Amino acid sequence: MPKVAIIGTTTWGITLGMVLAHKGLEVRLWARTEKEASKLRDKGPDPHLLPGVTFPPQLSVTSSLSEALAYVNAIILAVPSQSMRQNILSVKYYLNKSMLVVSAAKGLEIGSNKRMSEVIAEEIDPRFQSNICVLSGPNLYKEVLRGLPASAVVAAENGAIAKQAQKLLTTPNFCVYTNTDVVGVELGGALKNIVALGAGMVDGLGYGDNAKAAFVTRGLTEMAALGFALGANPLTLSGLAGLGDLIATCASPLSRNHYVGVELTKGRSLEEITASMAGVAEGVSTTVAVWNLAQQLGLEMPIAEKIYQVLYNGVEPRQAIVELLGAGGRHELAGRKWRLFSFFRHQRHS
């Protein structure tokens, strides 16, 4: 039976560990300290975040990297995006040619503005880079934990590697599709968090479903534009990692990013909101990276720009959302350096 190591005791890391353990795989969950590992072994996860969760016999918790990574078929990095580099530096010496390296993080690294697969590839032995996969999709962890039907997509540049990961991760209630557009799948998972922040603001301001539908749709087009500029197929953004995740994250009260957006409309500061949260709202940091990318590329990204202004320049959410919803209309695919027209013209005539 395959063995899997989960790096990160995040809610998503524990959820994936539970899903795979119930499938019958041997799962080793790595905690950063022995104190944390001992607490998880003795009491299980935080009942406020993961109520009613009891670790099955197939899931063990350890603070020893050598123990966690011994003879495993795959390592899943379920850590916040801003700590991905630190974590891959810790585990890189335990990797081998047959081990899948799966990123389950949805964000971009501040400073480098890089995707998680790029961060991992920079730090590991080049011989192992072909084993890098990314997992994304509409996966609210509480629903997955309850065994409700869910789908995801795993992408790798090598289709055979993606299929290996698919076989490993798929369960009766967790359907995993494959893709080879790593850029598109990663960007979909990261960028939808920015749109979800704005969707939370729309809901918090009580602007209704028409306004929210318009905002989310414009957000998807903006996501596709940046994806295309960075080498993704914009049609990937209409799949599970883009539109699928966007729907779940913008609509559900279980979404951390949506929650942050709502709370900002109540006059709370970003610092107060994030300090009160048990998990990370990835959109907060990803907005910085995307704003920087847009400046570098000269790319028009009005939603990312306005969300950045709200988060970091003190602009009121109401002002930002009103300006976005009241912007002058033009063709849906038009935007400075978007190049979406050329893509779809090519698709139509190819």
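The values are calculated or read from the model by the stated rules, or taken from the named source; none is laboratory data. All values derive from a computational prediction rather than experimental measurement. All Cβ positions, even for glycine, are placed from backbone atoms using ideal geometry, and neighbour counts span all protein chains on display.
At-a-glance table
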item: Test result for LEU226, closer than 17 Å to LEU297 by Cα, in the same structural domain as TRP338 (by TED's automatic domain parsing) and not acidic (Asp, Glu); result: yes
item: Candidates ALA199, ALA211, ALA241, ALA225 - the one that is over 18 Å from THR286 (Cα atoms) and buried (at least 17 other Cβ atoms within 10 Å of the Cβ); result: ALA211
item: Subset of the range 150-175 that is surrounded by fewer than 20 Cβ atoms within 10 Å (Cβ to Cβ) and not in a helix (DSSP H, G or I) - its residue that is nearest to the chain's Cα centre (by Cα); result: SER151
item: Long-range neighbours under 8 Å by Cβ, at least six apart or interchain, first residue under 20 Å from VAL154 (Cβ atoms) within the range 110-132, second surrounded by 23 or more Cβ atoms within 10 Å (Cβ to Cβ) and of a type in the set (S, T, N, Q); result: MET116/SER81; MET116/SER103; SER117/SER103; ILE120/SER103; ILE132/SER103; ILE132/SER117
item: Listing of strands (runs of 3 or more DSSP E) fully contained in the range 43-148 that carry 1 or more residues being more than 20 Å from the chain's Cα centre (by Cα); result: 59-62
item: All positions within the range 252-307 that are among the acidic types (Asp, Glu) and within 25 Å of ASP46 (Cβ to Cβ); result: GLU263, GLU271, GLU272, GLU282
item: From the options ALA304, ALA278, ALA320, ALA294, residue that is more than 20 Å from ALA229 (Cα to Cα), touching a residue at least 60 places away in the same chain (Cβ under 8 Å) and surrounded by 20 or more Cβ atoms within 10 Å (Cβ to Cβ); result: ALA320
item: Odd one out for GLY219, checked against (1) assigned to a helix (DSSP H, G or I); (2) more than 21 Å from GLU109 (Cα to Cα); result: (2)
item: Hits in the range 137-154 - residues which are more than 12 Å from LEU169 (Cβ to Cβ) and in contact with an Asp or Glu (Cβ under 8 Å, 6 or more places away or on another chain); result: PRO138
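Yes/no per residue for (1) assigned to a loop (DSSP other than H, G, I, E, B); (2) under 13 Å from the mean Cα position of the chain (by Cα); (3) of a type in the set (Asp, Glu); (4) not assigned by TED's automatic domain parsing to the domain that holds GLU305:
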| residue | (1), (2), (3), (4) |
| --- | --- |
| ASP209 | no, no, yes, no |
| ILE247 | no, no, no, no |
| PRO253 | yes, no, no, no |
| GLY261 | no, no, no, no |
| GLY267 | yes, no, no, no |
